[in-house]
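Taking it in order: structure first as C-alpha cells, then the write-up.
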Amino acid sequence: MNYTRPIASCFVEMEHEVHYLYSGTWDYLYNLLMLPYLRRVDTDFNFSCAEIVNSTNFRIIMVFPNWDVRSAAIEKIVNKCLDRIKPDVVHIHSRVGFPAIINKLAHDRQIVVCNTIHTYGYICQKRVMIDYQGETCEGPTDF
C-alpha cells in the first residue's frame, strides 16, 4: 500500500470513487478453512478497502502453476466486485495473490486495465526471471 495509497488518495481528491482490493497473501492471511472470501477492511483512508483471504494464488509456493493463470474461486470474487462497483478503470498494481485472468475479467466488461509491474509474473512463473539453475533467464523471444 505504500505505493498505491498516495495514488488512490490523489484520485479521491480529484473526486473519483476509489475501491482498493488486495490479496491477503502479502500477510500470509490464511485460516484453516482455506476457502477464499472477501473481507472488508476498516481504515482511515479516504477510499474503501477489501482483502481476499485464503487466496488460491499463493505468494511464494508455486505448487499449482495453473492456479496462477486461472482460479475459479478468485474469479468469482473478482467478478462480483466488478459487477457491484462497475469501475471505469482497474489498476493492477501487483498480481501477487491474483490469477492472471483478472485482466481479462475487466477487459471483457470494456473496463480499461492498467498494470504496474514490479515482478515478471506475467511472463515468468517464478516471477524473477531466474531459471531453475539460478541463471538469468533470457525471457520470452517472441516480442
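Readers should treat all values here as calculations from the given coordinates under stated rules, not as data from a laboratory. These numbers were taken from a predicted model, which means no experiment stands behind them. Positions of Cβ are backbone-derived with ideal geometry, glycine not excepted, and every protein chain shown enters the neighbour counts.
Observations on the model:
- Length released on extending from ARG70 to THR136, taking residue separation times 0.36 nm less the Cα-Cα span: 21.1 nm
- Ranked list, fewest to most other Cβ atoms within 10 Å of each Cβ, for TYR3, TYR22, TYR37: TYR3, TYR37, TYR22
- Surrounding net charge for PRO87, when Lys and Arg each add one and Asp and Glu each subtract one, Cβ distance under 14 Å: 0
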